[in-house]
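None of the figures in this text is laboratory data; all of them are computed from the coordinates on show. Please read all numbers here as calculations on a predicted model, not as lab measurements. With ideal geometry, Cβ positions are generated from the backbone for all residues, glycine too; neighbour counts draw on all protein chains shown.
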Amino acid sequence: MLGAAGAVAVRSGLAQSSAPRRIGLLLNGGPGPVHDAWRRTFAQDCAQLGLTEGRDFTIEPRFAEGQLGRLPELAAEHVRQGVDAIVALGGPAANAARRATPTIPVIFSIVTDPVALGLAETAQRPGGNATGVTSLDPAQAEAQMRLLKEIFPELQRVAALSDQTIPAADASGLAPIDRANKAAAEAMGLRPQIVKVPAPNAAAPDPDFDAAFSAMVRDGAQAVVAFDTPLNFAHGKRIAGLAVANRLPAMFAGGMSAAGGLITYGTSVADTWRRLPAFVAKIFNGTPPGEIPVEFITRRELVFNLKVAESLGVTILPDYLARADQVIR
């Protein structure tokens, strides 16, 4: 990883260019509604900062289509084409972009812990060519497990749905988000089961969530917490459907209520997107990314889906509904 001295080599002074800057967009997933919504929001928020798409910048997307092994080559393609900055959505995409270039600014979001993942030396001073925004909430795992235990006092076994794309796994195969949730569940007196879905590849492009839920049922899981990992984020509706089919109350992270889980609680990766244009503006005005502090989104969203509650035959008490930001009926 680049140190502070290495940050001098990072491109700066891009504001002096009169031609539209080229932003390389690198995504774990593929084109579709999420990408389209991001593009619209990004362009609107950039316009508020005086940056107009087409006049001041263009966006060149590259999609891994869920096959994360393609990310290094897609990142290298952006580098070969000489983009002025890379916006990477997701930890695997951010890591691929950072490894592909020590000089082109990399702006990331949808990462868990940028320091633990090696994207920044410290949050206050990233030090290299990468910076960005994260919805990392160190207390989220504990808060989610506590809420589950409050709503379902008889809960003893909880499954935690993760995936193998998350970097920085330890010798046991657990990434930082896995370890945090395992510890939080145990602190609540729960027995956690970490279920990690294998990364898709050319031979098996479809994530095997059916096998994941079969493993949960065999272990006697009584509820499931779906992390905001790349695969879960891309396949939220499928996960929610399997949860209902297997009679498991599902909790998703903030911003994922459209998936159709019983509970949505926590910080939202979607909230991080609104901050990305500010990073682009600073970098295009010549500020090295290593000098731009990583920003943290800490607002938690709470949503209950009463349609799902009815399907599962469970009741959410009025006191909890009164605390919700939204109740889907």
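Rounded to two decimals, the Cα-based Rg/Rh of the range 177-268, with Kirkwood Rh, is 0.94. Take 152-163, 263-274, 54-65 and order them by the average number of nearby Cβ atoms within 10 Å per residue, most first; the result is 263-274, 152-163, 54-65. When only the Cβ of Lys, Arg, Asp and Glu is charged (+1, +1, -1, -1), the dipole of the range 161-247 relative to its Cα centre reaches about 220 debye. When its C-alpha radius of gyration is set against 2.2 N^0.38 Å (N residues), the chain gives a value of 1.01. Peptide packing: for 219-225, 21-27, 311-317, the average count of neighbouring Cβ atoms within 10 Å per residue gives the ranking 21-27, 219-225, 311-317, highest mean first. Computed packing ranks the peptides 87-96, 100-109 as 87-96, 100-109, most packed first, by mean other Cβ atoms within 10 Å.
What does the extension gain come out to for residue 123 and residue 329, with contour length at 0.36 nm per residue minus their alpha carbon separation? If you can, show how the numbers build up before the last one.
Working: separation 206, 0.36 × 206 = 74.16 nm, distance 4.00 nm.
Taking 0.36 nm per residue and subtracting the Cα distance, the gain is 70.2 nm.
Restricting the calculation to Cα atoms, the range 48-100 yields a radius of gyration followed by a Dmax of 12.2, 36 Å.
Rounded to the nearest 20 Debye, what is the dipole magnitude of the range 67-159 about its Cα centre when Lys and Arg each give +1 and Asp and Glu each give -1 at the C-beta? Before the final figure, lay out the partial values.
On the way: 8 positive and 9 negative charges, 35 e Å.
With Lys and Arg at +1 and Asp and Glu at -1, about 160 debye.
Using only alpha-carbon positions, what ratio does the radius of gyration of the range 169-222 give when scaled by 2.2 N^0.38 Å? Could you put the intermediate results ahead of the total?
Values: Rg = 13.1 Å, N = 54, 2.2 N^0.38 = 10.0 Å.
It is 1.30.
Excluding residue 194 itself, what net charge comes from residues whose Cβ is under 13 Å from its Cβ, given Lys and Arg +1 and Asp and Glu -1? Neighbour charge sum, excluding residue 194 itself: 0. Taking label points 7 Å from Cα along the Cα-to-Cβ direction, residue 186 and residue 139 give a separation of 2.3 nm.
Debye-formula intensities of the range 115-251, expressed as log10 I(q)/I(0) at q = 0.10, 0.11, 0.19 Å⁻¹, are -0.36, -0.43, -1.14 (one equal scatterer per alpha-carbon, no solvent). In plain terms, if you count all Cα to Cα distances in the range 17-157 and split them into 5 Å steps from zero, the share in each step is 2, 9, 16, 18, 18, 14, 8, 6, 4, 2, 1, 0, 0 percent. Positive contributions from Lys and Arg (+1) and negative ones from Asp and Glu (-1), summed over other residues with Cβ under 12 Å from the Cβ of residue 70, come out at -2. Counting only Cα atoms, the size of the range 213-329 along its three principal axes is 56, 34, 18 Å, in decreasing order.
Taking the Cα centre as origin and putting +1 on Lys and Arg beta-carbons and -1 on Asp and Glu beta-carbons, what dipole magnitude results for the range 200-297, to the nearest 20 debye? It would help to have the intermediate numbers written out before the result.
Working: 7 positive and 8 negative charges, 45 e Å.
Its charge dipole is roughly 220 debye.
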